[in-house]
Amino acid sequence: MRARARGLRRRFTGEDLSEGPDYALVGVIRIPELRQSPGRAIGKRVVFAVIALFATAIIVYVDRDGYRDVQENSLSFLDAMYYSAVTLSTTGYGDITPYTPSARLINLLIITPLRVLFLIVLIGTTLEVLTERSRQALKIQRWRNNLRNHTVVIGYGTKGRTAVDAMIGDGIKPADIVVVDANPTVLEAAESDGLVTVRGDATKSDILRLAGVAHAASIVVATNRDDTAVLATLTAREINPRAKIVASIRESENTHLMRQSGANSVVVSSETAGRLLGIATMTPSVVEVIEDLLTPDAGYAIAEREVDPTETGGSPAHTRDIVLGVVRNGVLHRVDASVVEQIEVGDRLLYIRKSAGD
């Protein structure tokens with residue numbers, strides 16, 4: 001199975017984007033930006049323009065003896081404002097001119113850069129469009145350099161979106177989640193949710209490298225097809241042997257393939273839904289409780305925490321929380337198992353907590 005998957009991966013892998021320049025990734029990687037209204041953006045530019053105008057006027061007024069008026073009058077502050085306006089806008093009527101060496105030097109070193117800044121502010125919208133690609137490339141470069149211990153979510157359909165909601169409800173920051181999908185529409189939804197997105201086929205190693213799989217702490221595989229999930233898991237495991245991979249599949253017969261591909265945990269969505277349907281026919285309230293436990297931002301939720309020093313040596317059943325299990329040395333034990341009759345240092349408790357939203 002692994003040999004076949006590697007062959008498929010080589011067949012479908014084209015140009016290695018992860019080795020290319022950052023500007024080539026604009027449109028493939030999208031980093032959410034803080035949104036602001038057009039009025040606010042225009043207002044900021046007007047403020048910058050006014051500041052540049054007044055700064056120039058003050059400089060000219062302080063050095064007013066170095067300027068000559070065609071009327072041979074000494075410059076007032078109004079004259080300085082007038083000269084600054086026509087100079088920064090590059091109109092230059094010539095009725096007020098610097099004639100001393102010091103005034104000309106100040107014009108060269110200070111007022112000319114201010115004139116450039118003033119023009120940049122006036123045509124900022126055009127320049128913003130022209131420099132958008134470069135700005136995005138710089139953001140992508142910084143993001144890739146700082147990307148560590150994050151979570152990669154492969155697929156942003158119903159399963160992937162729900163998984164992200166659960167992670168954010170458990171306290172994971174949206175900035176620590178990267179979504180990989182080939183569908184631009186779902187990526188727009190992910191970006192609007194404040195998530196970094198990578199557009200492409202998750203079965204290709206270069207796409208997963210762009211998402212930082214090599215440095216990820218965990219990977220969620222939530223694709224719509226089981227064969228895609230197997231190949232994406234195999235590719236991700238080859239890139240990162242240490243990451244925790246959680247995968248969802250539709251059919252239970254593919255569970256062993258997911259395990260062999262490197263998944264740490266496998267969730268069979270069809271069987272899970274079937275069990276809930278069966279339970280709901282007899283005890284629908286049980287299903288409501290289960291849904292409540294699986295929704296971290298309301299009601300109660302299942303969580304994991306470190307053992308408090310005061311709990312060491314005691315029984316898991318006698319803690320302040322309702323404990324469901326004890327994780328010891330990476331292995332989960334039921335709360336009634338004899339091996340965890342006493343809590344030890346380093347254990348982690350799987351318990352029911354009240355959601356922060358309540």
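The values are calculated or read from the model by the stated rules, or taken from the named source; none is laboratory data. Values in this document were obtained by computation on a predicted structure and should not be read as measured data. A quick note on method: Cβ atoms are made from the backbone with ideal geometry, for glycine too, and the neighbour counts reach across all protein chains shown. Heads up: the accessible areas ignore ligands, DNA and RNA and are worked out on the full protein's heavy atoms, side chains in. Shrake-Rupley method; radii C 1.70, N 1.55, O 1.52, S 1.80 Å.
Structure values in brief
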| quantity | calculated |
| --- | --- |
| Output for segment 284-311, where each listed residue is polar (S, T, N, Q) and open to solvent by less than 60 Å² (accessible area, probe 1.4 Å) | 295 |
| Subset of segment 239-279 [touching a residue at least 40 places away in the same chain (Cβ under 8 Å) and assigned to a helix (DSSP H, G or I)] | 257, 260, 261, 269 |
| Residue 348 open to solvent by 70 Å² or more (accessible area, probe 1.4 Å), under 17 Å from residue 171 (Cβ atoms) and not acidic (Asp, Glu) | yes |
| Conditions (1) closer than 23 Å to residue 350 by Cα; (2) aliphatic (A, V, I, L, M); (3) part of a loop (DSSP other than H, G, I, E, B): number failed by residue 202 | (1) |
| Tally, over segment 280-305, of residues that are part of a helix (DSSP H, G or I) and closer than 25 Å to residue 321 by Cβ | 9 |
| Residue list for segment 312-328, filter: charged (D, E, K, R) and surrounded by 13 or more Cβ atoms within 10 Å (Cβ to Cβ) | 321, 328 |
| Candidate set from segment 79-114 (those that are under 50 Å from the mean Cα position of the chain (by Cα), over 22 Å from residue 46 (Cα atoms) and at pLDDT 70 or above); member that is most open to solvent (accessible area, probe 1.4 Å) | 109 |
| Residue satisfying all of: in segment 38-78; acidic (Asp, Glu) and modelled with pLDDT of 80 or more; nearest to the chain's Cα centre (by Cα) among these | 63 |
| Failed condition for residue 216, given (1) farther than 15 Å from residue 155 by Cα; (2) over 19 Å from the mean Cα position of the chain (by Cα); (3) open to solvent by less than 30 Å² (accessible area, probe 1.4 Å) | (2) |
| Top-ranked residue of segment 162-173 - restricted to ones that are assigned to a helix (DSSP H, G or I) and not β-branched (Val, Ile, Thr), ranked as most open to solvent (accessible area, probe 1.4 Å) | 165 |
| Hits in segment 306-356 (condition: in a strand (DSSP E or B) and more than 25 Å from residue 292 (Cβ to Cβ)) | 328, 331 |
| Tally of residues being touching a Lys or Arg at 6+ places or on another chain (Cβ under 8 Å) and open to solvent by less than 30 Å² (accessible area, probe 1.4 Å) across segment 329-345 | 1 |
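Table: residues versus (1) open to solvent by less than 80 Å² (accessible area, probe 1.4 Å); (2) in contact with a Pro (Cβ under 6 Å, 6 or more places away or on another chain); (3) of a type outside the set (Phe, Trp, Tyr); (4) modelled with pLDDT of 75 or more.
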| position | (1), (2), (3), (4) |
| --- | --- |
| 117 | no, no, yes, no |
| 133 | no, no, yes, no |
| 145 | no, no, yes, yes |
| 148 | no, no, yes, yes |
| 152 | yes, no, yes, yes |
| 155 | yes, no, yes, yes |
| 160 | yes, no, yes, yes |
| 175 | yes, no, yes, yes |
